[in-house]
Amino acid sequence: MWPRAPALLDQVYPLFPFDGYVTTNGQLVWERGGRMLREAQLDPQAVRKLAKLALQEDFSCQIVEKEKVYLVSRTEDFNHLYGIVLKLPMPPLYDWDRLGKVPVIQCLAHMDAHALSLAEAISQLRCLDTGDERFDVIPRDGGKDVGAAAAAAAYGIPQRETLSFGDGDNDVQLLQWAGVGVAMGNGSPLCRQAADYITDDVGENGVKNALVRLGVLTEAEVLSQMEEREVALQRGPYRVPDEKPSAEQELH
């Protein structure tokens, strides 16, 4: 499950050579070869309403397309996120002429409780809590569980034979959908409550330990895959290409 922009999947392929990828909270589901198994998008008018709300309530909001990420406005939050935390180039401002022409897959918003209540009042939207007042905004009928179901159907895997991992409130429905839902030991209370099995913390090899204890992989298979991953890491860090900022346009 890859929650961020599909354009960043290039850094995932060498490390995790899976057959398919459920991305952007289930909005886009890909085969490794590039074939799309599921593609959903936000209603353009809902995106416009959310953006106007972001300007009105002064919260950070990003617009995510298949290949690119844009900002609704430049904020101190984004300066900190991209300049200090991620150490990546700041995405450009969104060109509103794109709306309705290029699908918006999801939005990412940093909202307090008041702004969240206003955003959730937009009927077409669903706000998924990722922690620290940050939310992934997707269609009301979307979700990681929907994307996982699409992937399972494409590969002919019965729901009862699926296994999922999660650590946050936005993983609850995925864990409930899967045949076996595994929560990380350091996961949120709601996530752990929804799980069938609670493994160790992320930093204590929680995923690996669960796969071995549940009989999905043997220790030898895990070690082999970890060695392959180390080789991939030695090829060097992934770099996001620089992109010239677009001219700021008035939201209308």
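If you check ALA150, ALA109, ALA119 for being outside any loop (DSSP other than H, G, I, E, B), at pLDDT 95 or above, closer than 30 Å to GLY215 by Cβ and not acidic (Asp, Glu), only one passes: ALA150. Within the stretch 49-69, is even one residue in a loop (DSSP other than H, G, I, E, B) and more than 30 Å from ALA154 (Cα to Cα)? The answer is yes, given that some residue of the stretch 49-69 is in a loop (DSSP other than H, G, I, E, B) and more than 30 Å from ALA154 (Cα to Cα). Pairs linking a residue in the stretch 24-41 that is touching a residue at least 60 places away in the same chain (Cβ under 8 Å) to a residue that is of a type in the set (Phe, Trp, Tyr) and crowded, with 17+ Cβ neighbours inside 10 Å, with Cβ atoms under 8 Å and 6 or more positions apart or on different chains, are THR24/TRP2; VAL29/TYR21; LEU37/TRP30. Does at least one position in the stretch 79-100 carry a residue that is surrounded by 19 or more Cβ atoms within 10 Å (Cβ to Cβ), modelled with pLDDT of 95 or more and under 24 Å from ASN170 (Cα atoms)? Checked against the condition, which is being surrounded by 19 or more Cβ atoms within 10 Å (Cβ to Cβ), modelled with pLDDT of 95 or more and under 24 Å from ASN170 (Cα atoms), the stretch 79-100 yields no hits at all.
Those helices (runs of 4 or more DSSP H) of the stretch 166-217 in which at least 1 residues are more than 20 Å from the chain's Cα centre (by Cα) and loosely packed, with under 15 Cβ neighbours inside 10 Å, considering only elements entirely within it, cover 189-194, 206-213. For the stretch 126-147, what are the residues that are closer than 21 Å to TRP30 by Cβ, of a type outside the set (A, V, I, L, M, F, W, C) and either within 12 Å of the chain's Cα centre (by Cα) or not in a helix (DSSP H, G or I) (or both)? Passing the criteria: ASP136, PRO139, ASP141, GLY142, GLY143, LYS144, GLY147. Can you confirm whether ALA148 is in contact with a helix residue (DSSP H, G or I) (Cβ under 7 Å, 6 or more places away or on another chain), closer than 23 Å to LYS52 by Cα and in contact (Cβ under 8 Å) with a residue 60 or more places away in the chain? Against the criterion (in contact with a helix residue (DSSP H, G or I) (Cβ under 7 Å, 6 or more places away or on another chain), closer than 23 Å to LYS52 by Cα and in contact (Cβ under 8 Å) with a residue 60 or more places away in the chain), ALA148 does not qualify. Taking the numbered list (1) in the same structural domain as ASP58 (by TED's automatic domain parsing); (2) closer than 26 Å to VAL212 by Cα in turn, TRP177 passes all entries but (1).
The values are calculated or read from the model by the stated rules, or taken from the named source; none is laboratory data. Only a predicted model underlies this, so the values are computations on that prediction, with no experimental measurement involved. Note that each Cβ is placed from the backbone with ideal geometry, even for glycine, and that neighbours are counted across all protein chains shown.
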